[in-house]
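Have a look at the structure below before the remarks.
The values are calculated or read from the model by the stated rules, or taken from the named source; none is laboratory data. Please read all numbers here as calculations on a predicted model, not as lab measurements. Cβ atoms come from the backbone with ideal geometry, glycine included; neighbour counts cover every protein chain shown. Protein only, heavy atoms only, side chains kept; ligands, DNA and RNA dropped before computing areas. Shrake-Rupley method; radii C 1.70, N 1.55, O 1.52, S 1.80 Å.
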Amino acid sequence: MAEVGGLLGNQKGLEELWTRLRFLFLAIIIYRIGTHIPVPGFDPDRLSELFNQNQGTFLGLFNMFSGGALERMSILALGVMPYISASIIMQLLAATVPSLEQLKKEGDSGRRTINQYTRYGTVFLALVQGTGMAVSFASQGLAYEVNLLFYLVAISSLVAGAVFLMWLGEQITERGIGNGISMLIFAGIVAGIPGAIGQALESARQGDLNPILLIFILVIAVAVVYFVVFIERGQRR
């Protein structure tokens with residue numbers, strides 16, 4: 001009887017695991033589709049030209065973390081940065097503000113309240129960052145027509161995209177596997193790896209990149225991944 005109970009328990013655990021994996025894959029697919037939905041009013045040709053001129057800069061790094069959404073100026077162009085920034089701010093405030101510190105000690109109810117404050121902070125930061133992004137890109141001539149309607153549509157689209165990613169990350173955490181925001185960041189970075197590998201191989205083929213240097217970079221990348229996994233799996237006895 002004990003063996004039968006163990007088998008049933010293992011089967012139930014596997015079914016739950018597959019359910020969570022399916023939800024994670026579905027959420028990532030939805031996220032990747034969202035990165036291809038453009039914000040109305042921006043000229044895609046001028047955006048592509050801008051990012052081609054700024055490869056290897058901070059703008060390119062931010063684009064990588066957004067999974068290419070920034071380059072396409074999609075509704076998810078802000079990515080998860082507003083949520084991450086709001087979370088960091090709330091953690092700092094919780095360590096310095098007595099009322100928030102008291103909330104942390106109240107268990108689940110206090111944590112839910114802090115999470116709600118974090119959501120409000122995410123909306124505020126997304127509004128600020130979305131406004132700055134729309135104004136900055138419009139001033140560089142990347143919009144078809146700059147007027148009040150353009151700003152209203154662009155800013156509201158960016159804020160809605162950031163709030164959607166926040167919600168999607170929370171759903172992955174609850175119903176998927178791992179931390180949802182981390183999974184979205186991972187999906188965005190992985191999406192750019194094939195293109196980066198193809199570009200590196202093409203540069204090596206044309207002689208712009210030394211093949212020995214390319215192999216050295218590959219070895220460093222594998223070593224960094226191994227070190228991160230080793231530290232993550234480490235235990236203090």
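Just to be sure before I move on: is GLY176 more than 13 Å from the chain's Cα centre (by Cα), closer than 30 Å to VAL123 by Cβ, open to solvent by less than 40 Å² (accessible area, probe 1.4 Å) and small (Gly, Ala, Ser) in the structure I sent? Let's see the steps before the verdict.
Values: more than 13 Å from the chain's Cα centre (by Cα): yes; closer than 30 Å to VAL123 by Cβ: yes; open to solvent by less than 40 Å² (accessible area, probe 1.4 Å): yes; small (Gly, Ala, Ser): yes.
Against the criterion (more than 13 Å from the chain's Cα centre (by Cα), closer than 30 Å to VAL123 by Cβ, open to solvent by less than 40 Å² (accessible area, probe 1.4 Å) and small (Gly, Ala, Ser)), GLY176 qualifies.
Give ALA187, ALA204 a once-over and let me know the one that is under 15 Å from the mean Cα position of the chain (by Cα) and surrounded by 11 or more Cβ atoms within 10 Å (Cβ to Cβ).
Working: ALA204 fails: under 15 Å from the mean Cα position of the chain (by Cα).
ALA187 is the lone residue from the list that is under 15 Å from the mean Cα position of the chain (by Cα) and surrounded by 11 or more Cβ atoms within 10 Å (Cβ to Cβ).
Given the condition within 22 Å of GLY41 (Cα to Cα) and of a type outside the set (Gly, Ala, Ser), answer yes or no: does some residue in segment 85-105 qualify? Spell out the reasoning first.
Our first condition is that a residue be within 22 Å of GLY41 (Cα to Cα); within segment 85-105, this holds for none.
No, segment 85-105 has no match at all.
So which helices (runs of 4 or more DSSP H) stay within segment 128-237 end to end and still have 2 or more residues that are of a type outside the set (Asp, Glu) and at pLDDT below 85? So that I can check it myself, show each step before the final result.
Details: elements: 148-175, 180-206, 211-232.
Passing ranges, in order: 180-206, 211-232.
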| query | Among the helices (runs of 4 or more DSSP H) confined wholly to segment 1-103, which include 3 or more residues that are open to solvent by less than 30 Å² (accessible area, probe 1.4 Å) and either among the β-branched types (Val, Ile, Thr) or modelled with pLDDT under 85 (or both)? | reply | 44-53
| remark: The lone condition ARG72 fails out of (1) farther than 22 Å from TYR31 by Cβ; (2) touching a His at 6+ places or on another chain (Cβ under 8 Å) is (1)
| query | Can you tell me which residue in segment 104-126 is least open to solvent (accessible area, probe 1.4 Å), limited to those that are modelled with pLDDT under 85 and part of a helix (DSSP H, G or I)? | reply | GLY110
